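Peer 1: The structure under discussion is supplied below as structure tokens; questions concerning it will follow.
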Amino acid sequence: MDTRFLESFIAIVERGSIADAARQLALTPAAVSQRVKALEDQIKQPLLIRAGRTVTPTAAGLAIIEKSRQLIRVVEELKSLASQDEFTGELRVGAISTALTGILPFMLRKFFTDYPQIDLHVTPGQSIKLYHEVLEGRLDAAFIVEPPFAIPKTCGWKRLISEPLMLLVPENCTESNALKILKSHVFLRYDRNQWGGRVADNFLKEKKIFPKEQLELDSLEAIALMVSQGVGVSLLPDWQPPWPEGLKVRKIPVADSPPYRHIGLLWLQASQHANLIKTIDISTKKLKINKITDDKKPL
């Protein structure tokens, strides 16, 4: 069985259409369809149901999809072993939104120069989801918020940067005492279902502050824009730039020794690319560490 047939089948299932799968594989839709037809002839079962431009797997297709992924991974491992010290194949990396813009750009140019044979695929997502995808072997590594529990021994972890918790307020807010502001202003909450959001929630509980909560969401950029428009105030990690342009906000320290949201790289020790992942290094000298000051100036 030609593993390229399986790759095409997996791509169609994951993308939901033959055209999208063809773009991913750099093939024509006709070539992708021919590969799947050849696979169906070998298995002697229809694997896909076509309804217009949408394609879904049949019961037989669902039955073989996970084993197909495993087989592709085994083939990639064999290629990696055969190449010995030369890193080749596909590297699947996940990243939270602020890591996509604040960390990855600093590593990609050197990475592509050092490892030209690596086919890098980056998947955006939330820390909790990406964490489980690494543990399940669906991703080789992920840039995520450090979990609020011990990293399992099956995984490796490298902390890259620590972001202090700060209070974000509209530019026209004249008060400078963070605790007073939290008690008196409408509060926009960083989602407590996210590990970063729990840092802010734990701080509020520790200070016994119960703010007038307006809404709760997991997008730091969206919260910052709402604060800029005077909707409310928020407790957020002072994440790596870029920030949305034109914000009219102030950053106020919440404490002399604030809590931090830690961002790092998680990988599965059993990953065929574990040795490669361990070589990934992002110098904190290249990252702009934000200094929180209550200078009453917009960003």
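Peer 1: What are the pairs with Cβ atoms under 9 angstrom where one residue, in the stretch 254-269, is in contact (Cβ under 8 Å) with a residue 12 or more places away in the chain and within 19 Å of TRP195 (Cβ to Cβ) and the other, located anywhere, is of a type in the set (Ser, Thr, Tyr) and assigned to a strand (DSSP E or B)? Sequence gap at least six, or different chains.
Peer 2: TYR260/SER162; ARG261/SER162; HIS262/SER162; ILE263/SER162
Peer 1: Return the total of residues in the stretch 11-43 being hydrophobic (A, V, I, L, M, F, W, C), modelled with pLDDT of 85 or more and assigned to a loop (DSSP other than H, G, I, E, B).
Peer 2: Within the stretch 11-43, residues that are hydrophobic (A, V, I, L, M, F, W, C), modelled with pLDDT of 85 or more and assigned to a loop (DSSP other than H, G, I, E, B) number 1.
Peer 1: For the stretch 139-152, which residues satisfy the criterion of being touching a residue at least 40 places away in the same chain (Cβ under 8 Å), out of contact with any strand residue (DSSP E or B) (no Cβ under 7 Å at 6 or more places or on another chain) and farther than 15 Å from ASP191 by Cβ?
Peer 2: Within the stretch 139-152, just PRO147 meets the criteria.
Peer 1: Then there is this: Which ones in the stretch 31-61 are under 33 Å from the mean Cα position of the chain (by Cα) and open to solvent by 50 Å² or more (accessible area, probe 1.4 Å)?
Peer 2: ILE49, ARG50, ALA51, GLY52, ARG53, THR54, THR56, ALA59
Peer 1: Looking at the stretch 225-271 only, could you name the residues that are of a type in the set (S, T, N, Q) and either part of a helix (DSSP H, G or I) or under 23 Å from ASN172 (Cβ atoms) (or both)?
Peer 2: The answer is SER228, GLN229, SER234.
Peer 1: Out of (1) open to solvent by 80 Å² or more (accessible area, probe 1.4 Å); (2) modelled with pLDDT under 85, the odd one out for GLN126 is which?
Peer 2: That leaves (2) as the condition not met.
Peer 1: Hey, could you check the stretch 192-213 for residues that are touching a helix residue (DSSP H, G or I) at 6+ places or on another chain (Cβ under 9 Å) and polar (S, T, N, Q) and say which is surrounded by the fewest Cβ atoms within 10 Å (Cβ to Cβ)?
Peer 2: ASN193
Peer 1: Shifting gears a bit: ASP218 versus (1) without any contact (Cβ under 8 Å) to a residue 12 or more places away in the chain; (2) buried (at least 17 other Cβ atoms within 10 Å of the Cβ): which is the lone unmet condition?
Peer 2: The one condition ASP218 does not meet is (1).
Peer 1: Identify, please: which residue in the stretch 171-191 is in contact with a Gly (Cβ under 6 Å, 6 or more places away or on another chain) and among the aliphatic types (A, V, I, L, M) and is, among those, surrounded by the fewest Cβ atoms within 10 Å (Cβ to Cβ)?
Peer 2: It comes out as VAL186.
Peer 1: Let me ask something else about it. Among the listed residues THR101, THR123, which satisfies the condition of being part of a strand (DSSP E or B) and under 14 Å from the mean Cα position of the chain (by Cα)?
Peer 2: THR123
Peer 1: Among what's in the stretch 178-213 and is out of contact with any strand residue (DSSP E or B) (no Cβ under 8 Å at 6 or more places or on another chain) and not in a helix (DSSP H, G or I), pick the residue that is nearest to ALA99 (Cα to Cα).
Peer 2: ASN193
The values are calculated or read from the model by the stated rules, or taken from the named source; none is laboratory data. Quantities reported herein were computed from a predicted structural model and do not represent experimental measurements. Note: ideal-geometry Cβ built from the backbone for every residue, glycine included; neighbour counts use all protein chains shown. All accessible areas refer to the heavy atoms of the entire protein, side chains included, with ligands and DNA or RNA removed. Shrake-Rupley method; radii C 1.70, N 1.55, O 1.52, S 1.80 Å.
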